[in-house]
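Here you go, one structure.
The values are calculated or read from the model by the stated rules, or taken from the named source; none is laboratory data. Since we're looking at a predicted model, the values are computed, not measured. Cβ coordinates were reconstructed from backbone atoms using ideal geometry, including for glycine residues, and neighbour counts include every protein chain displayed. For accessibility, only protein heavy atoms count, side chains too; no ligands or nucleic acids. Shrake-Rupley method; radii C 1.70, N 1.55, O 1.52, S 1.80 Å.
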Amino acid sequence: MKKLLLPAILLLGCAADGYGYLSLTDQALLRRQRMEQRGAVNSRGPRKAAPQANAEHVSLAMIKIADGYDRADLEAEGVTVSSVRGAIALVSLPTSDVERVAALPCVHTLELARELRTNMDQARAFSTVQQIHEGAELDHAYTGAGVLTAVVDGGVDPNHINFRNDDGSSRIGYLIHSYIDNKSSDGWTGERYDRDNIWRFTTDTEDTFHGTHTLGILAGGYRGKIDAAVVQNTQLSTIETIDNPYYGVATEADMAVGCGDLVDRLIAENIDQILNYRYATGAPCVLSLSLGSNTGSHSPESLMAQFLDEVSKEAIVVLSAGNEGDVPLALIKTLSEDKTEAKTFVLPTYQSNLRYGQVYFYSDKPFSMQGVIYNKERERVSYRMAVGETQGQGEPVYHCSSDFYESSTDVVSTQFSNAFSGYVGVGWDVDTYSGQYMCLMDYYTVDNASKNAKGNYILGFIVTGEPGQRIECYCDGIYTCLDDYDQDGWDNGMTDGTISDMACGYNSIVVGAYNTREVYGGMDGYAYHYNGAFTPGKMTPFSSYGTLADGRTLPHVCAPGASIISSTSSYYTENPENYVTGAALSARLDEDDRSNYWCPAAGTSMATPFVAGAIALWLEADPTLTAEDVKGIIARTSLRDEEVESGNPVQWGAGKFDAYAGLKEVLRMAGVTSASAESSDLMVSHQGAVWNVFLAGAKSMEVSVCNLSGATVLRKSVAGDELSFDTSALSKGVYVLTVNGSHSRKIAVK
């Protein structure tokens with residue numbers, strides 16, 4: 001193994017006692033779990049957390065199976081395998097056995113579960129969905145009928161009226177609630193519901209409404225009366241009973257939901273279960289994921305990216321870009337002859353003196369990296385944290401006291417304790433996924449209350465390489481970002497690189513956000529403004545984006561995301577601990593046994609289901625569309641107005657998503673003309689599976705029905721101008737009906 005350039009490398013100490021086969025990320029994860037269990041660290045800062053009564057005994061993980069091995073080889077080693085998609089296995093195993101399993105020949109890569117974060121009336125008009133719902137110049141209105149729409153999210157209220165048919169039955173055909181469960185031998189429990197018993201399910205959590213909101217944008221279909229706050233002027237709104245304007249995009253699509261604990265392993269489990277449901281229904285499927293994380297290599301080779309690329313063979317996967325586009329979480333730099341260092345500081349964003357997180361470093365060539373404590377007052381590095389060069393193995397972690405002691409090679413430093421309480425650890429390795437050289441800086445520091453009361457001591461890092469070498473640094477962005485603290489010679493963080501790591505696969509459709517609403521009415525009678533932050537038509541400031549090492553730029557497109565009014569969870573709204581008032585709500589509908597609510601929210605989380613819902617309309621027109629087809633359609637039809645042309649091309653992608661132009665392109669590709677171009681002499685109607693065709697003036701009729709691949713599946717002829725035929729033997733889907741070789745019409749068999 002080629003050595004790094006310099007010996008100044010601070011290695012993560014938790015690997016010293018035998019974690020050599022785990023990635024640095026997983027080593028850091030195990031260290032944090034142990035410290036949190038005994039109360040040494042917590043995300044609230046200096047106050048110690050209460051020790052946990054029971055240590056985790058089962059770990060959830062994803063395993064990429066090595067070539068030449070299969071599921072049976074894992075199971076023979078005592079690993080519980082839930083499912084396998086491609087070469088990616090979703091597994092559970094005893095925590096004490098993680099290191100042994102990671103080192104098995106049948107395991108190419110083992111990755112422990114990682115937590116992810118949850119990242120419409122005006123919106124429909126902005127992206128031309130309204131024209132599709134109205135059937136403008138189309139053969140009929142499109143609503144997503146015959147298509148499966150799905151989300152995996154948290155805070156789901158599945159019995160909201162937005163997700164019911166007119167007769168009160170549920171439109172959600174499948175729901176899986178997955179959560180970590182140490183009482184289970186698998187380490188998790190999955191509860192499953194269908195449309196007949198979903199009334200028994202309440203919600204996965206009362207802490208958020210996110211999943212109810214995104215599902216409502218995707219496919220909410222209630223158009224009846226509601227009591228809504230209607231904006232009257234710049235200050236006031238009035239409560240009026242109106243037809244609900246806040247329904248979603250694919251209003252007649254089938255629906256499937258995964259919810260619960262949002263760790264990537266269980267998210268993958270929920271997706272796998274939803275695809276099993278899709279297989280049983282035979283419907284084309286679009287999956288909306290308003291989730292993500294900035295942690296990782298931003299490479300298409302991560303296990304989650306590979307898993308989603310496998311999923312895309314069965315469903316169109318739509319992912320949110322992330323909501324950190326205005327936060328400097330990245331430092332991407334090509335070194336030069338006169339600047340062979342990339343160096344910056346870790347800035348707290350959650351609490352003024354708490355730094356809790358990770359920074360990842362990548363390059364195609366070896367490089368040197370060291371953690372530093374810098375004295376702003378003296379403008380110099382006061383302490384350098386550097387150790388040996390052993391790849392992927394444990395070396396000292398620097399900390400202030402025995403409270404943070406985990407390994408025999410840990411270093412308790414007086415100089416460290418003068419600045420901080422906590423620890424800092426960094427290790428180097430060759431990234432399993434991308435093959436790049438990498439470092440990880442893992443930190444938990446709180447300013448020393450007496451010796452660092454003014455915050456003169458700050459935490460940073462210095463990366464050294466060769467001229468021409470590209471260095472990529474990514475901060476996880478949960479409690480910290482990257483900043484130069486106005487110090488000469490130090491680098492500021494960047495926003496190009498804030499794209500979600502989960503979105504970097506090859507086949508997903510990645511969505512950013514632009515603005516469609518700057519003011520909304522509150523149920524308390526007032527009008528609320530975003531003070532110019534969400535000027536309609538402009539880029540949403542926080543919409544994430546990035547230029548990847550392989551040259552790709554993400555997102556692919558931007559869609560309405562700020563702000564969107566959609567359904568919200570009654571369990572979240574009515575929980576007094578959440579302090580939801582009328583100011584946060586835009587509409588409600590009271591029923592005998594429950595109340596339903598609608599609220600505004602903003603984010604790429606909202607833009608993502610909007611695009612996914614529109615793709616469902618496209619799939620109704622052509623169920624054979626692939627991810628590559630969809631990307632091409634988006635690239636050719638997205639709107640590039642003055643805002644797009646004058647803005648950041650990476651952040652905008654193809655521009656503003658245009659659902660209507662996209663649908664016309666789908667029909668064009670399928671060889672189906674619009675209603676305005678069809679003969680007015682041809683009339684097509686149906687009752688159930690029996691279709692009737694009338695062609696005025698025809699002496700005879702030759703009718704053929706072809707699927708969208710061009711294969712004839714039904715042919716019939718008659719003397720006269722009218723003919724009937726039965727489609728009950730045909731599979732559900734969209735077909736092209738042709739009469740006498742010159743008149744065509746698209747029909748949907750349901």
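Just to be sure, is ASN507 surrounded by 16 or more Cβ atoms within 10 Å (Cβ to Cβ) and not in a helix (DSSP H, G or I)?
Working: surrounded by 16 or more Cβ atoms within 10 Å (Cβ to Cβ): yes; not in a helix (DSSP H, G or I): yes.
Against the criterion (surrounded by 16 or more Cβ atoms within 10 Å (Cβ to Cβ) and not in a helix (DSSP H, G or I)), ASN507 qualifies.
State whether the residues of segment 568-581 include one that is assigned to a strand (DSSP E or B), in contact with a helix residue (DSSP H, G or I) (Cβ under 9 Å, 6 or more places away or on another chain) and under 24 Å from THR143 (Cα atoms).
yes
State which residue pairs qualify: first residue more than 30 Å from GLY653 (Cα to Cα) and inside segment 558-576, second residue aliphatic (A, V, I, L, M) and surrounded by fewer than 24 Cβ atoms within 10 Å (Cβ to Cβ) in any location, beta carbons under 6 Å apart, and separation of 6 or more residues or different chains.
If the second residue must be aliphatic (A, V, I, L, M) and surrounded by fewer than 24 Cβ atoms within 10 Å (Cβ to Cβ), the pairs left are THR573/VAL580.
Looking at segment 452-470, I want the residues that are of a type in the set (Lys, Arg) and have a partner that is open to solvent by 10 Å² or more (accessible area, probe 1.4 Å) and assigned to a strand (DSSP E or B) with Cβ atoms under 8 Å, at least 6 apart or on another chain. Which pairs are those?
What qualifies is ARG470/ILE332; ARG470/LYS333; ARG470/THR334.
Residues are listed down the side, and each one gets a yes or a no for (1) open to solvent by 10 Å² or more (accessible area, probe 1.4 Å); (2) closer than 30 Å to ASP629 by Cα; (3) in contact with a Pro (Cβ under 8 Å, 6 or more places away or on another chain):
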site	(1), (2), (3)
SER312	yes, yes, no
GLU324	yes, yes, no
SER336	yes, no, yes
PHE345	no, no, no
ILE373	no, no, no
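For segment 292-310, give me each residue that is open to solvent by less than 10 Å² (accessible area, probe 1.4 Å) and under 13 Å from ASP272 (Cα atoms).
Correct list: PHE307, LEU308.
If the requirement is being aliphatic (A, V, I, L, M), part of a helix (DSSP H, G or I), out of contact with any Pro (no Cβ under 7 Å at 6 or more places or on another chain) and at pLDDT 95 or above, which of these qualifies: ALA228, ALA268, ALA280?
Checking each option against the conditions leaves just ALA268.
Hey, could you check segment 548-561 for residues that are at pLDDT 95 or above and closer than 17 Å to LYS333 by Cα and say which is surrounded by the most Cβ atoms within 10 Å (Cβ to Cβ)?
Among residues in segment 548-561 that are at pLDDT 95 or above and closer than 17 Å to LYS333 by Cα, the one surrounded by the most Cβ atoms within 10 Å (Cβ to Cβ) is THR553.
Got a sec? Which of GLY220, GLY146 is among the small types (Gly, Ala, Ser), open to solvent by 20 Å² or more (accessible area, probe 1.4 Å) and out of contact with any Leu (no Cβ under 6 Å at 6 or more places or on another chain)?
Working: GLY220 fails: open to solvent by 20 Å² or more (accessible area, probe 1.4 Å).
Only one candidate passes the filter, namely GLY146.
Working only within segment 231-262, note down all residues that are among the hydroxyl-bearing types (Ser, Thr, Tyr) and part of a loop (DSSP other than H, G, I, E, B).
Just the residues of segment 231-262 that are among the hydroxyl-bearing types (Ser, Thr, Tyr), to begin with: 234, 237-238, 241, 246-247, 251.
Once the filter is applied, which keeps residues that are among the hydroxyl-bearing types (Ser, Thr, Tyr) and part of a loop (DSSP other than H, G, I, E, B), segment 231-262 yields THR234, TYR246, TYR247, THR251.
Hey, another quick one. Could you please let me know if VAL690 is at pLDDT 85 or above and of a type outside the set (S, T, N, Q)?
yes
Something else now. Could you tell me whether segment 528-543 includes any residue that is of a type in the set (Val, Ile, Thr) and part of a loop (DSSP other than H, G, I, E, B)?
Taking every residue of segment 528-543 in turn, at least one turns out to be of a type in the set (Val, Ile, Thr) and part of a loop (DSSP other than H, G, I, E, B).
Select from segment 288-312 the residues that are modelled with pLDDT of 95 or more and in a loop (DSSP other than H, G, I, E, B) and list them in ascending order.
Selection gives SER290, SER312.
Report whether or not LEU275 is touching a Gly at 6+ places or on another chain (Cβ under 6 Å), part of a helix (DSSP H, G or I), open to solvent by less than 10 Å² (accessible area, probe 1.4 Å) and closer than 18 Å to ALA612 by Cα. Steps first, answer last, please.
Values: touching a Gly at 6+ places or on another chain (Cβ under 6 Å): no; part of a helix (DSSP H, G or I): yes; open to solvent by less than 10 Å² (accessible area, probe 1.4 Å): yes; closer than 18 Å to ALA612 by Cα: yes.
In short, no.
What do you reckon, is ILE226 closer than 16 Å to GLY216 by Cβ, open to solvent by less than 10 Å² (accessible area, probe 1.4 Å) and not basic (Lys, Arg)? Spell out how you get there, then give the answer.
Details: closer than 16 Å to GLY216 by Cβ: yes; open to solvent by less than 10 Å² (accessible area, probe 1.4 Å): yes; not basic (Lys, Arg): yes.
Yes, satisfied.
Still on this structure: Looking at (1) farther than 28 Å from ALA113 by Cα; (2) more than 22 Å from the chain's Cα centre (by Cα), which is the one condition that is false for VAL249?
(2)
Quick check: is even one residue across segment 150-165 of a type in the set (Val, Ile, Thr), within 23 Å of the chain's Cα centre (by Cα) and open to solvent by 10 Å² or more (accessible area, probe 1.4 Å)?
No: segment 150-165 contains no residue that is of a type in the set (Val, Ile, Thr), within 23 Å of the chain's Cα centre (by Cα) and open to solvent by 10 Å² or more (accessible area, probe 1.4 Å).
Of the conditions (1) touching a Phe, Trp or Tyr at 6+ places or on another chain (Cβ under 6 Å); (2) assigned to a loop (DSSP other than H, G, I, E, B), GLN651 clears all except one; give me its number.
Here GLN651 clears every test but (2).
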